[in-house]
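Student: Shown below is the structure under consideration.
Any read-out appearing in this document is the output of simple, stated calculations on the displayed coordinates, not a laboratory observation. Model, not experiment: these values are computed from the prediction. Here the Cβ positions follow ideal geometry from the backbone for every residue, glycine too, while neighbour counts run over all protein chains shown.
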Amino acid sequence: MKIHLKSISLITFFSIMTSFVSAQDAKEIVRKAEEKFNGEKSSYSEMSMTIVRPKYQRNIEFKSWSESEGDALTLITAPAKEKGQSFLKSGNNMWTWNPSIQRLVKMPPSMLSQGWMGSDYSNDDILKESSLVKDYSHKITGKEPIDGITCYKIELIPLKETSVIWGKIIIWISEKDYLQLKIEYYDEDNLLVKTHKSSKIMTFDNRNLPSVMEILPANEPGNKTVVTIKAIKFNIKIEPDFFSQQNMKKIK
């Protein structure tokens with residue numbers, strides 16, 4: 001009987017340790033994937049975005065700067081009608097600047113889940129208010145191929161003490177190069193809201209990364225947003241006062 005109890009205890013111990021190691025590994029995989037795409041310290045990118053709707057298409061080009069600490073600034077460079085609009089996250093505050101009407105507006109947290117510039121790309125995607133590493137628990141639920149590439153399938157559940165817009169995220173990260181090839185976003189009722197699919201791996205600043213990302217809303221057939229990376233630089237020097245209201249009004 002004692003041997004039986006000891007065996008159960010050992011099984012329980014190893015089960016707990018396996019779960020702990022798995023959680024640690026999952027978080028580390030997500031961290032590596034985030035750092036690869038966003039830079040360990042900072043990044044600068046130039047992207048184009050095509051908003052596809054059943055009756056029309058619209059193209060937008062923009063530049064983005066971000067730091068690992070969470071600050072981010074995005075500038076619209078085309079078309080002419082929207083050119084000069086900027087979006088800033090500094091600390092816990094988010095702002096938008098419209099030069100045509102000379103108006104600076106503070107964005108409430110409720111706007112994070114809304115589509116950025118009328119796209120399926122959310123304000124949270126652009127401004128990076130939430131952190132996939134810090135704001136969620138992580139669990140590897142298996143391995144699956146995405147476009148022939150073996151990926152870790154990782155489930156992210158928001159921590160109780162954090163305030164995020166998603167009830168659950170499932171992310172597929174390539175086993176070899178830590179590429180985020182697919183992400184599913186779910187609401188608090190566990191219903192799929194949208195899917196991000198990444199493809200066309202290219203080299204940017206000595207890193208292999210997907211160059212195209214499709215954002216597909218779950219319940220809007222015919223709608224999608226395609227984001228194409230034109231250039232990325234990692235771990236660039238950014239001045240301390242760069243992420244400021246003053247700079248978002250004059251950045252070019």
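Student: Can you give the angle from 0 to 90° between the axis of helix 2-38 and the longest principal axis of the chain, with both taken from C-alpha atoms, to the nearest 10?
Tutor: For helix 2-38, the angle is close to 20 degrees.
Student: Something else about it: Which trypsin sites (Lys or Arg not before Pro) from region 17-102 combine a DSSP loop assignment with at most 12 other Cβ atoms within 10 Å?
Tutor: Listed in order of number, the matching sites are 55, 81.
Student: If you plug each phi of region 235-242 into the Karplus form 6.51 cos²θ - 1.76 cosθ + 1.60 with θ = phi - 60°, what whole-Hz ³J(HN,Hα) values come out, in order, with x for Gly and Pro?
Tutor: Those phi angles translate into 6, 7, 7, 10, 5, x, 9, 5 Hz.
Student: When only DSSP loop residues count, what trypsin sites (Lys or Arg not before Pro) in region 98-206 have their Cβ near at most 15 other Cβ atoms within 10 Å?
Tutor: Values: sites: 103, 106, 128, 134, 139, 143, 153, 160, 168, 176, 182, 194, 197, 200; in loops: 128, 134, 160, 176.
Sites meeting the loop and neighbour criteria: 134, 160, 176.
Student: Please give the contour-minus-distance gain from residue 170 to residue 228: 0.36 nm per residue of separation, less the Cα-Cα distance, rounded to one decimal in nm.
Tutor: Values: separation 58, 0.36 × 58 = 20.88 nm, distance 2.22 nm.
Extending this stretch completely gives an extra 18.7 nm.
Student: Would you mind telling me which residue in 149, 170, 215 has the biggest mean-square fluctuation in a Gaussian network model of the chain, where springs connect alpha carbons within a distance under 10 angstrom?
Tutor: Top of the fluctuation ranking is 149.
Student: Under a Cβ-only charge scheme (Lys and Arg +1, Asp and Glu -1), can you give me the dipole magnitude of region 33-250 about the Cα centre, in debye to the nearest 20? Before the final figure, lay out the partial values.
Tutor: Values: 30 positive and 29 negative charges, 141 e Å.
In debye, rounded to 20, region 33-250 gives about 680.
Student: Determine the relative contact order of the chain: mean sequence separation of Cα pairs under 8 Å and six or more apart, normalised by residue count, in whole percent.
Tutor: Numbers: 513 pairs, mean separation 51.1, N = 252.
Once divided by the residue count of the chain, the mean separation gives 20 percent.
Student: Just name one of 157, 76, 242: the one whose Cα is farthest towards the positive end of the charge dipole of the chain (beta-carbon charges, Lys/Arg +1, Asp/Glu -1).
Tutor: 76
Student: Please list, by residue number, every one of the GluC sites (Glu not before Pro) in region 175-212 that is coil in DSSP and has at most 15 other beta-carbon atoms within 10 Å. Walk me through the numbers on the way to the answer.
Tutor: Working: sites: 175, 184, 188; in loops: 175, 188.
Here the GluC sites (Glu not before Pro) that fit, given the DSSP loop and packing criteria, are 175, 188.
Student: Roughly what would the spin-label model give for residue 105 and residue 53, points 7 Å off Cα along C-beta, in nm?
Tutor: It is 1.7 nm.
Student: Extension gain residue 163-residue 250, at 0.36 nm per residue separation less the Cα-Cα distance, in nm? Don't skip to the answer; put the middle values down first.
Tutor: On the way: separation 87, 0.36 × 87 = 31.32 nm, distance 3.16 nm.
Difference between extended and current length: 28.2 nm.
Student: What translational diffusion coefficient, in µm²/s and rounded to a whole number, does the Stokes-Einstein relation yield for the chain at 20 °C and a viscosity of 1.002 mPa s, taking the hydrodynamic radius as the Kirkwood radius over Cα pairs?
Tutor: Details: Rh = 19.6 Å.
It comes out at roughly 109 µm²/s.
Student: For region 79-139, place one equal point scatterer on every Cα, skip the solvent, and apply the Debye formula. What is log10 of I(q)/I(0) at q = 0.19, 0.24 Å⁻¹?
Tutor: After summing over all Cα pairs, the log10 values are -0.77, -1.09.
Student: Taking the Cα centre of the chain as the origin and placing charges on Cβ (Lys, Arg +1; Asp, Glu -1), which of 86, 114, 146 is farthest toward the positive end of the dipole?
Tutor: So the residue furthest toward the plus end is 86.
Student: Over 19 Å, how big is the tail of the calculated P(r) for region 196-252, in percent of all Cα pairs? If you can, show how the numbers build up before the last one.
Tutor: On the way: 880 of 1596 pairs.
Roughly 55 percent, rounded to a whole number.
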